[in-house]
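Asks: First the structure, then my questions, so here it is.
The values are calculated or read from the model by the stated rules, or taken from the named source; none is laboratory data. Worth saying up front: this structure is predicted, and the values here are computed from it rather than measured. Glycine gets a Cβ as well: all are built from the backbone with ideal geometry, and neighbour counts include every protein chain shown. Remember, those area values only see protein heavy atoms, side chains included, never the ligands or the DNA or RNA. Shrake-Rupley method; radii C 1.70, N 1.55, O 1.52, S 1.80 Å.
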Amino acid sequence: MELDLSPRLPKKVYGGDGGSYFAWCPEELPMLRDGNIGAAKLALEKYGLALPRYSDSSKVAYVLQGSGTAGIVLPEKEEKVIEIKKGDSIAIPFGVVTWWFNNEDTELVILFLGETHKGHKAGQFTEFYLTGSNGIFTGFSSEFVGRAWDLDETTVKKLVGSQTGNGIVKVDGSLKMPSPRKGDREGFVLNCLEAPLDVDIKDGGRVVVLNTKNLPLVGEVGFGADLVRIDGHSMCSPGFSCDSALQVTYIVGGSGRVQVVGADGKRVLETHVKAGALFIVPRFFVVSKIADSDGLSWFSIVTTPDPIFTHLAGKTSVWKALSPEVLQAAFKVAPEVEKAFRSKRTSDAIFFPPPN
């Protein structure tokens, strides 16, 4: 069966006045199931509240748009109430309870990427809601709820019967929601638009990598992530993950061209991408991107905590390490052609500005 790596948009799973929840489906993007990867997006309108829930999968959340408040409860810990804004990344281990709230006019949009190898369904997040019409209270009998929380039957009926929302509700604007607390962001959030750059190539591109040093919870999540931004008409060097990691890429902004080459030297993907699309690069496949005039930015997870990449262009490329004689014989070219090929790229950049 031919491998289909075409970028996909998510489908709406549920929603209402408070906002909507979208997810990428393994049926349309089989690489999700094959790689045990989940991908979803939450969009909250003003006063929209994503009800408290936990997941069977570890995730990294990335705020694509807007600002708001998030609540995070680690097992047997106090709740952290965190201000979130565009560019924020939050590592969320599986089983951690979270809620999300938007009190601004601008829609709050959050991307979730993660692994599902410990989940109930390969390629899909399964959410367990604490409240709402599909929350845990609705599954237990009144007797069990009453005895567990020491409540009378009337109170139990009010608790269970008043939960009409499913996953997302719209809160009355007069209700005062928790305010973010100073210091709660520390160790939980990294803003990729403000963090020190791991790579910065003039007129080329910039990278911020999430790791255990700048976001400690990444260690518990078990995979890495990064935000990459390249300038107009710049190129991201062809490269591959040499430690068998999958690359899951969401286009945050801009547009550009993508090519992926797989086994037997076959180009398995040639496409034009723009904001909102998601695609997956299989293990060891080589990928390269060229931005349009408006530049190109993407947020990715790589399914290993400390990914190792091999780039095929630039000063540190594998071509520079191979003996000239081997290249001459392998390409079957004259020495002057091999010399020109080897000497053209002398910088150690992984992003190449457009030709002069």
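Asks: How large, in percent, is the carbon and sulfur part of the accessible surface of the range 11-132 at a probe radius of 1.4 Å?
Replies: 47 percent
Asks: Please list 160-167, 138-145 highest first by mean number of surrounding beta-carbon atoms within 10 Å per residue.
Replies: In decreasing order of mean packing, 160-167, 138-145 become 160-167, 138-145.
Asks: Under 16 Å Cα to Cα from LYS80, which aspartates and glutamates show up? Leave out anything in the same chain fewer than 8 places away.
Replies: Within the straight-line cut-off, LYS80 pairs with ASP88, ASP184, GLU186.
Asks: Considering only protein heavy atoms and a probe of 1.4 Å, how much of the accessible area of the range 156-293 is carbon and sulfur, as a whole percent?
Replies: Here carbon and sulfur together make up 51 percent of the probe-accessible area.
Asks: Taking 0.36 nm per intervening residue step and subtracting the Cα-Cα distance, what contour gain separates SER6 from SER174 on full extension?
Replies: So the extension gain works out to 55.9 nm.
Asks: Which ³J(HN,Hα) values in Hz, rounded to whole numbers, follow from the phi angles of the range 284-301 under the Karplus curve 6.51 cos²θ - 1.76 cosθ + 1.60, where θ = phi - 60° and Gly and Pro get x?
Replies: Values, residue by residue: 6, 6, 9, 10, 8, 9, 10, 7, 6, 5, 8, x, 8, 9, 8, 10, 10, 10 Hz.
Asks: Right, next: Would you mind calculating the gained length between LYS77 and LEU151 on full extension (0.36 nm times residue separation, minus the Cα-Cα distance), in nm to one decimal?
Replies: The span from LYS77 to LEU151 would gain 24.2 nm if fully extended.
Asks: When averaged across all projection directions, what area in nm² does the alpha-carbon convex hull of the range 146-274 cover?
Replies: Answer in nm², one decimal: 15.0.
Asks: While we're here: Can you work out ³J(HN,Hα) from phi for every residue in the range 84-92, in order, using Karplus 6.51 cos²θ - 1.76 cosθ + 1.60 and θ = phi - 60°, giving whole Hz and x for Gly and Pro?
Replies: 10, 8, 3, x, 6, 10, 9, 8, 10
Asks: I would also like to ask the following. In nm, give the distance between the simple-model label positions of ALA340 and ASP105, each being 7 Å from the Cα along the Cα-to-Cβ direction.
Replies: A separation of 5.9 nm, rounded to one decimal place.
Asks: Taking only protein heavy atoms into account and a 1.4 Å probe, give the accessible area per residue of the chain in Å².
Replies: 50 Å²
Asks: Report the percentage of all Cα-Cα pairs in the range 11-132 whose separation exceeds 20 Å, rounded to a whole percent.
Replies: 40 percent
Asks: Amide H to amide H under 5 Å from LYS59: which residues, 5+ apart in sequence or cross-chain, H placed 1.01 Å off N in plane?
Replies: ILE92, PHE94
Asks: When we measure straight from the Cα of LYS339, which lysines land under 25 angstrom away, once same-chain ones fewer than 8 places off are left out?
Replies: Correct list for LYS339: LYS315, LYS320.
Asks: Another question about this same structure. With springs only between Cα atoms under 10 Å apart, run a GNM on the chain and tell me which of LYS121, LYS158, LYS11 wobbles the most.
Replies: LYS158
Asks: How much FRET efficiency would the formula 1/(1 + (r/R0)^6) give for ASN166 and GLU220, where r is the Cβ-Cβ distance and R0 is 30 Å, rounded to 0.05?
Replies: E(calc), rounded to 0.05, equals 0.55.
Asks: Now for a different question. Return the long-range amide H neighbours of ASP88 (sequence gap of 5 or more, or a different chain), with a cut-off of under 5 Å between placed amide H atoms.
Replies: It is VAL63, CYS192, by chain and number.
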